[in-house]
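The values are calculated or read from the model by the stated rules, or taken from the named source; none is laboratory data. Treat the numbers as computed from the prediction; the structure is a model and nothing was measured. Cβ placement follows ideal geometry from the backbone for every residue including glycine, while neighbour counts extend to all protein chains displayed. The accessibility values were calculated without ligands, DNA or RNA, using every heavy atom of the protein model including side chains. Shrake-Rupley method; radii C 1.70, N 1.55, O 1.52, S 1.80 Å.
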Amino acid sequence: MTEASARFHRSVAEALADPHLRQALDRTTGRLAGGLAKAFATIPDAGALRDTARRIRAHTIAHLDQHLDQFERAATARGCHVHWAPTAADATRLVVDIARARGVSLAVKSKSMVTEEIELNAALGAAGVRVVESDLGEFVVQLADDRPSHIIAPIVHMSRDDVARLFEDKLGARPDEVADIPAITAFARRTLRQEFLQAGMGISGVNLAVADTGSLCLVTNEGNGRLTTTLPRVHVAVMGLERIVPTAADLGVVLQLLARSATGQALSVYTNIITGPRRPATSDGPGEPDGPDELHIVVVDNGRSRLLGGELAEILYCVRCGACLNICPVYHHIGGHAYGGVYPGPVGSVVSPGLMGLDEWSELPHASSLCGACRDVCPVRIDLPRLLLNLRAQTVAARMGPAWLRIAMPLYAAIATRPVLYRWLGSLAARLSRMMGHDGWLDRLPGPLSAWTTERDFPVPAPRSFVQEHHAHAPRAGGCE
Amino acid sequence: MSAAARAQIFDSIRRGLVRAVLPDAAGSRPTPEGRSSPPSASADALEAFTRALTALTGRVHRAAAVDMVPDLVAAIAHEHGARGFLAWDESHLGVPGLFAALASRGLERVDYDLPFDAASREAHALALAGVGVGLTGADAAIADAGAIVLAHGPGRGRLASLLPPAHIAVLSARQIWPTMPDLLAARPGLLDAGSNLVAIAGPSRTADIEMTLTHGVHGPKYLHVIVVP
């Protein structure tokens, strides 16, 4: 077992043993998945809308170079600076350079997966820029020096008491200021409002960009995304290069599905669409009284274009709603941290190995029962089971599976393709296991098979096999061997 | 470095596209369907919008005529204990003489223009932070989401709908659309009307702590929409 596999198994075991986490996951995933079903019930032709959204995303990715080129021209024409980052290191260097050139010492940030992926906060911190996460959940995660456990609910693993204690310890809150959830929230508002007013730079991700207008769409419920992109004089938006749709009308279709899939809302509270920096006064009239004076867009590749050139390209249709997490039975049991990367759940099990390679992430494609619930719930109908199976095949081809599996599968194939041998060994195994059973159940198996029986019992095989029964009852005619 | 980085990424994308497995990407570009003309001022649309926004704890006030707006705004502002307000320019609110009428009711507009210089920008923003209400128009509304849509731009600042604890928006009943796709398909130009288009579906909220809904975490805690005929 590699170090990465061992780490994965360890974190899964820890997650399964944490009763608090299990309780939080029960509450969160159940409610989010239920809200999704209700929200979709209110739109007529939801199926057709999902088909349209899928075709929009598919068509966009199939012509990604043209859309990115158009996006860059449109955004530049409206006064944006578009930067290109082939790697995570390039992206963080670009942002650090922008901050340095403008003497920024404090930046506020709106929650963004891609900035987690490129580890932007660490890079800015090393350059002497303090970065404050402004989404309430991410703010708490940052204070606790923890990692977010869910794309859209980063602190499902913490209780209100955990948060209250954290605010007392780290921010000097008095007990009455964090007595209940509304008080905790109001305290966070006051604390973060000061940071917003003083920050020299706002950093955001991008949910979707619109190619023909160079617009950026950011969706939040709290309003931190709007403050981040309005108050500081410099706004830096970091986007994965696949987050693009061609037109405003296409954006409308995806928005009709996005919040419903994420949280069961028809629309998030703030659907914020930004087209260029603040517009200056002209001879025709006044300019805009607020908004950033500079808008930098950092387009990040970091493995995406490589992922595009293969069997996994469909994952680039993803709109990052998180629905596949909430519906996934495996996620429901182990939560987000156990997946190890920035992107958890079924989507993460494809994205993490897809972007960063299978060496470190070969266990993730196996963290699925292949039940297909993720595919059924995906607003753009990504065939996640197909992608997971493809990755499993890659791990086998690269000889990354466990040694016993590499020996056992060819051995099984050799036996299963020889009917006489198969039947003889089958009846031998049945007879042996009946000898080891108690009251019709196997509760302890030897060797590696004990992994099964430590958690469950197994019924002993019937006295006669199916083939024997079949021969006893069916006329011996057709070739049913 | 930038040109080389750009070329590197585009090369890699174009090489990738040759081998990419992209189900359902073939064929012509899908054309999202929406209404081509603004919807009529139907009572149903207003009813649906009101129901959806009320469920989100937003409040809808119906003004029988435009000249009732000043009294409504003043009453709401006083309810929130506000004496000053941030606002869009009067010409964008659709209510002639509104600011004078509000001034006579003890409500003064706080005008602003954020400077670029870091220190004065901070001082300027700090001064705005205590203003009690924001007053804006609304370019459209979305019935199924209970959302109002605001095109911020020249004379139409973003902070009025963002910074104060209460936000009041004046909406024409003729601009209620069934869904977001309907609006964006019919009026794509809204994206480019200014630097910021926003759809607001109720007051700012979070459920990050124990999935418990709490309002006013960053944006306004109260949202009032005054619907005029």
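The residues of chain B expose on average 40 square angstrom of accessible surface per residue, using a 1.4 Å probe on protein heavy atoms.
Stokes-Einstein, applied to the Kirkwood radius of chain A over Cα pairs at a viscosity of 1.567 mPa s and 4 °C, places its translational diffusion at 51 µm² s⁻¹. Ordering of B:16-24, A:441-449 by packing is B:16-24, A:441-449, highest average first (other Cβ atoms within 10 Å, averaged per residue). Couplings for the range A:324-337, taken from phi via the Karplus curve 6.51 cos²θ - 1.76 cosθ + 1.60 with θ = phi - 60°, read 5, 5, 5, 8, 7, x, 6, 4, 4, 9, 10, x, x, 4 Hz in order; Gly and Pro are left as x.
The range A:408-481 and the range A:31-81 have Cα centres spaced 50 Å apart.
Which positions within the range A:124-142 get 20 Å² or more of their accessible surface covered by the other protein chains, compared to the chain by itself, with a 1.4 angstrom probe? Flagged in the range A:124-142: A:136.
DSSP bridge analysis restricted to chain B gives an antiparallel fraction near 30%, rounded to the nearest 5. Solvent-accessible surface of protein heavy atoms, probed at 1.4 angstrom with all chains present, puts A:260, A:165, B:205 in the order A:165, B:205, A:260, largest first. Please give the residues of the range A:402-443, grouped as numeric ranges, whose backbone N is less than 12 Å from a label point set 7 Å along the Cα-to-Cβ vector of residue A:9. The answer is A:402-405, whose backbone nitrogens lie closer than 12 Å to the label point.
Considering only protein heavy atoms and a probe of 1.4 Å, how much of the accessible area of the protein assembly as shown is carbon and sulfur, as a whole percent?
On the way: 16230 of 28990 Å².
Answer for the protein assembly as shown: carbon and sulfur cover 56 percent of the accessible area.
Residues of the range B:111-144 that lose at least 10 Å² of accessible area (1.4 Å probe, protein heavy atoms only) when the other protein chains are present, relative to their chain alone, are B:112, B:113, B:114, B:116, B:118, B:121, B:122, B:125, B:126, B:129, B:144. Computed per residue of chain A from DSSP H runs no shorter than four, each worth -39500 (n - 2.57), the mean residue ellipticity at 222 nm is -15500 deg cm²/dmol. By the gyration tensor of its Cα atoms, with a ≥ b ≥ c the square roots of the eigenvalues, what is the shape of the range A:121-255: rounded for a/c under 1.5, prolate for a/b over b/c, or oblate? It is prolate, given that a/c is not under 1.5 and a/b is the larger ratio. In terms of its alpha-carbon gyration tensor, the range A:294-360 comes out prolate; a/c meets the 1.5 threshold, and the first ratio a/b outweighs b/c.
Which value, in Å², gives the accessible area per residue of chain A when a 1.4 Å probe is used on the protein heavy atoms?
41 Å²
The mean count of C-beta atoms from other chains within 10 Å of the C-beta of residues in B:216-225, rounded to a whole number, is 6.
Ordered by packing density, taken as the mean number of other Cβ atoms within 10 Å over each peptide's residues, highest first, how do A:451-461, A:63-73 rank?
Numbers: A:451-461: 12.2, A:63-73: 19.0.
My ranking of the peptides, most packed first, is A:63-73, A:451-461.
Legend: residues in the range B:153-189 shielded by at least 40 square angstrom of accessible surface upon adding the remaining protein chains to the isolated chain (1.4 Å probe, heavy atoms) are B:154, B:158, B:162, B:163, B:180, B:181, B:184.
How big is the A/B interface in buried accessible area, both sides summed, 1.4 Å probe, to the nearest 100 Å²?
Summed over both sides, the interface buries about 8200 Å².
Sorting the segments A:26-35, A:250-259 by their residues' average number of neighbouring beta-carbon atoms within 10 angstrom, most packed first, yields A:250-259, A:26-35. First check a/c for the range B:39-228, with a ≥ b ≥ c the square roots of the eigenvalues of its C-alpha gyration tensor; if it is under 1.5, answer rounded, and if not, answer prolate when a/b is larger than b/c or oblate otherwise. Cα axes put the range B:39-228 in the rounded bin.
Per-residue mean of foreign Cβ neighbours for A:188-200 is 4 (Cβ atoms of other chains, 10 Å radius). Converting phi to 3J(HN,Hα) with the Karplus coefficients 6.51, -1.76 and 1.60 and the offset θ = phi - 60°, the range A:102-111 yields 9, x, 7, 10, 9, 10, 9, 9, 9, 3 Hz in sequence order, with x at every glycine or proline. Look at the stretch A:215-226: the mean tally of other chain Cβ atoms within 10 Å of its residues' Cβ atoms is 6.
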